[in-house]
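To keep things clear, I will list the structure first and then write my remarks on it.
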Amino acid sequence: MNRVTTRDGTVLRIGRDGPGTGARLLFVNALATDLHLWDDVLTAMPLIRALRYDLRGHGGSGGGTPYGMGTLVSDAETVLEADPGPPVVLVSLGLGGMVAQGLAVKRPDLIRALVLIGTAARIGTADRWRSRADQVRAGGMAPLVAQMTPRWFSRDARAHPDLPRWQAALAATAPDAYAHGCDAMAGSDFYTPTSGLRLPCLALAGAEDGVTPPDLLREVADLIPGSSLRLLPRTGHFAPWEAPEILARHLTDFLTTLETRT
């Protein structure tokens, strides 16, 4: 693992995987997860050149002060600038998907294509996110994880032996980091900016995602001409955990399609 320092001095943990000659991808994780979210996906895609990092305040990254979506977009920009190369295919989940949309709008020169998983142009309402932030600040992450498990995970995942490990990873998130992420989501709406994007986009929706249901992701795909939407059957919000092989197959097919366009 390596480190990169952002414009405001925050140090982010980054990871690099795969051969230098493979397709270049940047993975941006969801709120309450770290770069290990993508471990099983990358195991199934050994030939790509993968760059991933922890959102500020998450995993091995610093940053315990409040931040907005603009800061998260700037962080992703810094990560790419610190690893020069051709434009990336940006793969993202949840909050990471909103960061991806923001970066594609701000720096189209850095982005070759988007893969948006379980995300939206706007998720929930400002009041709901602020209430969630207050809940976590007051009671920590464990009660929230117990409360949200039926919405975050599919029926199959809730019976999977790895569920306690996934729940523990979510519960280990620093409450302040989660709350700051909620605050960033509360003030974010990408409907208008995303409608101006013109690049290849693959949208992957978990059929049992209770946070960002397929219809919500379909709205995003409809904003970007030429986008395609694929449904992940029997999968919840955290598709990289629940269905890494299926996700890897969709990504591989998308990369193949991109190569035929060049």
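Looking at the square roots a ≥ b ≥ c of the eigenvalues of the Cα gyration tensor of region 1-58, which shape do they give, rounded for a/c under 1.5, prolate if a/b is larger than b/c, or oblate?
Working: a/c = 2.81, a/b = 1.55, b/c = 1.81.
In terms of gyration-tensor shape, oblate.
Give me the three principal axis extents of region 123-256 from the C-alpha atoms, as integers in angstrom, largest value leading.
Principal-axis extents of the Cα atoms in region 123-256, largest first: 44, 37, 20 Å.
May I ask what percent, to the nearest 5, of DSSP beta bridges between residues of the chain are antiparallel?
Around 25 percent antiparallel, to the nearest 5.
Round to a whole number: what % of the accessible area of region 185-234 belongs to carbon and sulfur, probe 1.4 Å?
Solvent-exposed carbon and sulfur of region 185-234 make up 52 percent of the total.
Normalised by the number of residues in the chain, what is the relative contact order in percent for Cα pairs under 8 Å and 6+ residues apart?
Value for the chain: 21 percent.
Given H placed on each backbone N at 1.01 Å, which residues far from residue 121 in sequence or on other chains put an amide H within less than 5 Å of it?
Residues meeting the amide H criterion: 220.
The values are calculated or read from the model by the stated rules, or taken from the named source; none is laboratory data. None of these values were measured; they are calculated from a predicted model. Surface areas here come from the heavy atoms of the whole protein model, side chains and all, with no ligands, DNA or RNA. Shrake-Rupley method; radii C 1.70, N 1.55, O 1.52, S 1.80 Å.
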